[in-house]
Amino acid sequence: MSFFLLYQPQVQADGSVIGAEALLRWRHPKFGLVSPADFIPVAEQSGQILPVGAWVLSTAGQTLAHWLQVPALARLTLSVNVSARQFLQADFVDQVAAVVHEFGLNPSRLKLELTESTLIHDMNDIVQKMQQLRALGVGCALDDFGTGFSSLGYLKKLPLDQLKIDQTFVRDVLTDPSDAAIARTVLQLGESLGLSVIAEGVETSGQRDFLLENHCRFFQGYLFSRPLSLVDFETYAGKYRSS
């Protein structure tokens, strides 16, 4: 099957690029591009998410190894989405370690994004794996925060590095007082727990300004860039690199 990755820039307030999120896409030979919302649940149910997830992780390793050789890209991070089924494999940490060693990576440049659905499973196992990843030097972010099952109790236990404000809250942050309150709360929570916070789905300067006023430092969304091919992302990042 024709899977490929796109890369959406993650930026600081001034627009300088600090990294990217790797986004999985599938081009079907008959139907063309298939939405991830359609094919990822099927891959999860069938178990195909395991080999696909391993391919994504390996491809990310290759990409980071290449960036390490390019001065304008060497400091960038790359975020990889990890499904609950993938993360819960007994040898998942070993898989990550193998990629780090195979490609000679600086592990701090690799970031694993976990969804809240992962947290409904064995918490002790999840915490242990995250601690092992942290010992390896690989960071973890909690994606789509506030949309699922997370609680303050979970956040206290998990050795996270970053929270992501879900785009569903960012979208109406200027018109819906509830979404504005949630965004503020996530930012305050992240600050109090010593976690960085990135807002995704930022599409307007008004949204960015609201988030800036509430001390958000990192952003991702169409205001800055759509997901790009690797070549186009590298060009974009080289132009808007952070110092």
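The values are calculated or read from the model by the stated rules, or taken from the named source; none is laboratory data. Values in this document were obtained by computation on a predicted structure and should not be read as measured data. FYI the Cβ positions are ideal-geometry reconstructions off the backbone, even for glycines, and counts take in every protein chain you see. To get the accessible areas, we keep the full protein, side chains included, count just its heavy atoms, and leave off ligands, DNA and RNA. Shrake-Rupley method; radii C 1.70, N 1.55, O 1.52, S 1.80 Å.
How many of the residues making up segment 178-200 are open to solvent by 70 Å² or more (accessible area, probe 1.4 Å) and acidic (Asp, Glu)?
Matching residues across segment 178-200 total 1.
Those residues that are surrounded by fewer than 19 Cβ atoms within 10 Å (Cβ to Cβ) and among the polar types (S, T, N, Q), I need them from segment 112-131; list them, please.
Across segment 112-131, the qualifying residues are Ser117, Asn124, Gln128, Gln131.
For segment 190-207, enumerate the residues that are in a loop (DSSP other than H, G, I, E, B) and in contact with a Gly (Cβ under 6 Å, 6 or more places away or on another chain).
Within segment 190-207, Gly201, Val202, Glu203 meet the criteria.
Count, please, the residues in segment 208-226 that happen to be closer than 27 Å to Leu5 by Cα, in a loop (DSSP other than H, G, I, E, B) and open to solvent by 30 Å² or more (accessible area, probe 1.4 Å).
Going through segment 208-226 one residue at a time, the tally reaches 5.
Conditions tested, residue by residue: (1) over 18 Å from Phe218 (Cα atoms); (2) charged (D, E, K, R); (3) assigned to a helix (DSSP H, G or I).
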{"site": "Glu113", "(1), (2), (3)": "no, yes, no"}
{"site": "Met130", "(1), (2), (3)": "yes, no, yes"}
{"site": "Leu133", "(1), (2), (3)": "yes, no, yes"}
{"site": "Ala141", "(1), (2), (3)": "no, no, no"}
{"site": "Asp144", "(1), (2), (3)": "no, yes, no"}
{"site": "Ala181", "(1), (2), (3)": "yes, no, yes"}
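Would you pick out the residues in segment 37-79 that are out of contact with any Ser or Thr (no Cβ under 9 Å at 6 or more places or on another chain), open to solvent by less than 80 Å² (accessible area, probe 1.4 Å) and outside any helix (DSSP H, G or I)?
Selection gives Gly47, Val70, Ala72, Leu73, Ala74, Ser79.
For every residue, the table says whether it meets (1) open to solvent by less than 10 Å² (accessible area, probe 1.4 Å); (2) under 30 Å from Phe92 (Cβ atoms).
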{"position": "Gly139", "(1), (2)": "no, yes"}
{"position": "Asp144", "(1), (2)": "no, yes"}
{"position": "Leu158", "(1), (2)": "no, yes"}
{"position": "Val173", "(1), (2)": "yes, no"}
{"position": "Asp176", "(1), (2)": "no, no"}
{"position": "Val202", "(1), (2)": "yes, no"}
{"position": "Gly206", "(1), (2)": "no, no"}
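Being within 26 Å of Phe219 (Cα to Cα) and of a type in the set (Phe, Trp, Tyr) is the filter here, so list the residues in segment 71-111 that pass it.
Scanning segment 71-111 gives a single hit, Phe87.
Looking only at residues in segment 1-15 that are in contact (Cβ under 8 Å) with a residue 60 or more places away in the chain and under 18 Å from Arg226 (Cβ atoms), which one is surrounded by the fewest Cβ atoms within 10 Å (Cβ to Cβ)?
Looking at residues that are in contact (Cβ under 8 Å) with a residue 60 or more places away in the chain and under 18 Å from Arg226 (Cβ atoms), I get Gly15.
From the list Arg109, Arg134, which one is open to solvent by 30 Å² or more (accessible area, probe 1.4 Å) and touching a Cys at 6+ places or on another chain (Cβ under 8 Å)?
Arg134
Give the residue that is modelled with the highest pLDDT, with candidates limited to residues of segment 26-36 that are assigned to a strand (DSSP E or B) and open to solvent by less than 60 Å² (accessible area, probe 1.4 Å).
Residue satisfying both the conditions and the ranking: Trp26.
If you go through segment 61-96 one residue at a time, how many are of a type in the set (Lys, Arg) and over 12 Å from Leu50 (Cα atoms)?
1
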